[in-house]
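Remarks on the structure that follows.
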Amino acid sequence: MARGSKEKYSIEQKRKALHIEEGYEHRGVPEKEAKRRAWATVNKMHGGGSKGGSGTEKVQDLSPARKGGHIGGEKQATHRPSERSVSTKKGAQTRK
């Protein structure tokens, strides 16, 4: 089997990697980098490729799936509440 082949991955893992890749591309990550990150996430969650069958599709580690939402907003959290409301109002004006 060639290096980098996705032959050993289940259909669920391939679908999950594709969905993650699309999310990265939507955020502006280049296609090649998005694909690399997507498969790294799937590998982290499932522990690599797995053959189908009863009980083999269980996700081992959900931390990569949760990680994305927790990273953002750190800068905003350092502002005082009054500063936060001002920056929010500015953002709302530019979005209209």
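Rule-based calculations on the coordinates, nothing more; no lab input. Computed from a predicted structure; not experimentally measured. Note that each Cβ is placed from the backbone with ideal geometry, even for glycine, and that neighbours are counted across all protein chains shown.
Tabulated data for the structure shown
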item	result
By average C-beta atoms within 10 angstrom, highest first, the peptides 19-29, 34-44, 2-12	34-44, 19-29, 2-12
Contour minus Cα-Cα distance for SER82 and HIS26 (0.36 nm per residue)	17.0 nm
For the range 26-34, 3J(HN,Hα) per residue [Karplus equation, 6.51 cos²θ - 1.76 cosθ + 1.60, θ = phi - 60°, Hz, x = Gly/Pro]	4, 7, x, 7, x, 4, 5, 5, 4
